[in-house]
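Each value in this text was obtained by applying a stated rule to the coordinates, not by laboratory testing. No experiment lies behind these values; they were computed from the predicted model shown. Here the Cβ positions follow ideal geometry from the backbone for every residue, glycine too, while neighbour counts run over all protein chains shown.
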Amino acid sequence: MSTIAPAQRQTAKRQRSGWRTAALLLNLAAVAAVAALMWASLLYARPAANLAGDEQTAQRIFYLHMACNFGALAGYLVSLVGSVAYLLTRSLDWDRAAQAGIEVGTLCGFGTIVTGIFWAKPTWNTYWTWDPRLTTATITVLLYIAYLLFRNGIDNRHTRARFGSIYALFAFLSLPLTYYSARWFRSIHPVIFSGENPEAQGDFAIGPTMSQTLTISAVAFSLLFSALMIQRWRQLRVEDRIAELREEVE
Amino acid sequence: MFYLAAAFIAVWVAVLAYVVYLSNRQSHLEDELRTLEELLQAQQARKS
């Protein structure tokens, strides 16, 4: 026993050191990718030819708006996978992944709404309108904020995880509704992927530099999302372990 | 230009605020771990 314990400690130490190196590399990659996103969106991408003045300048918000959108989608997809996996396996690691995904996804969802607000003013001449896309996107973010608030009110760890998983499954239904809202209902919000909206205002054609910048923004926010989510997931793990140890000690 | 700057600043301030929150939480967890270690050591000392 006395020879195994130091060996186990060594292995744990090596694992921790490996985690730290991987996390550091991921963080550095995220910072570099974000710098590339700023350069590409502000300098590299060509301005939209059919727009002018403030509307043309504000069109560059599109890259950050879409990047936040990718981050939010990634977060909510992680929450869906984590919730299903928790309900199947009852492993709390999956619940922690779902919670971390929702926290970072909601941060990105907030970014999507805020960038949309500042893009709407020069394009639609108003900061906010009850357009189907804007309304459904806001409802989605509010649903996930409610998830974070409600689950904190439950003490039992597994009851909290079960409630959170079932809630997250239902909350995810708002995502396809948000995606199709500009296609199914009368909306002035432009449609970028698979289809177009003839009633859209502020629409523009995506040229090669725009499409490259969009790719950079997707990669940048995927890295940023991963870095933040993994950090939060590890913190939630330590929080649970501390709570367990505290119960043992007391 | 105002709208572009406002949108970028708003997003990066929100991301920065979340990073600061994570960092504070990390320090708090490290403090809690240290306290627990001391408690465990005290318990072991009492037993021996």
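Things worth noting here:
- Gyration tensor (alpha-carbon) shape descriptor, segment A:1-109, a/c threshold 1.5: oblate
- Environment charge at A:Pro176 (Cβ cut-off 15 Å; Lys +1, Arg +1, Asp -1, Glu -1): +2
- Modelled spin labels at B:Gln26 and A:Leu42, positioned 7 Å past Cα toward Cβ, are 2.6 nm from each other.
- Legend: helices of chain A (whole DSSP H runs) are marked when their alpha-carbon atoms reach 15 angstrom or more along the helix axis and their mean Kyte-Doolittle hydropathy is at least 0.0; marked are A:4-39, A:61-89, A:92-124, A:132-151, A:157-172, A:208-249.
- In the protein assembly as shown, helices alone account for a calculated mean residue ellipticity at 222 nm of -28500 deg cm²/dmol, with every DSSP H run of four or more residues adding -39,500 (n - 2.57).
- Derived from the Cα gyration tensor, the three semi-axes of the equivalent ellipsoid of chain B are 46, 4, 4 Å, largest first.
- Averaged over the residues of A:101-110, the number of partner chain Cβ atoms lying within 10 Å of the residue Cβ comes to 2.
- Shielding by partners, peptide B:38-46 (average Cβ within 10 angstrom, other chains): 1
- Peptide A:33-43 - average C-beta neighbours from other chains (10 Å radius): 1
- Residue ranges A:139-146, A:8-15 sort as A:139-146, A:8-15 when ordered by packing (mean number of other C-beta atoms within 10 Å per residue, highest first).
- Ranked packing of A:16-26, A:235-245, most packed first, by mean Cβ within 10 Å: A:235-245, A:16-26
- Degrees separating the helix B:2-47 axis from the principal Cα axis of chain B, which is the longest one: 0
- Modelled FRET efficiency - R0 45 Å, B:Gln41 with B:Ala17, Cβ distances, 0.05 increments: 0.75
- Once the Cα-Cα distance is subtracted from the 0.36 nm per residue extended length, the A:Leu245 to A:Ile166 segment shows a gain of 25.6 nm.
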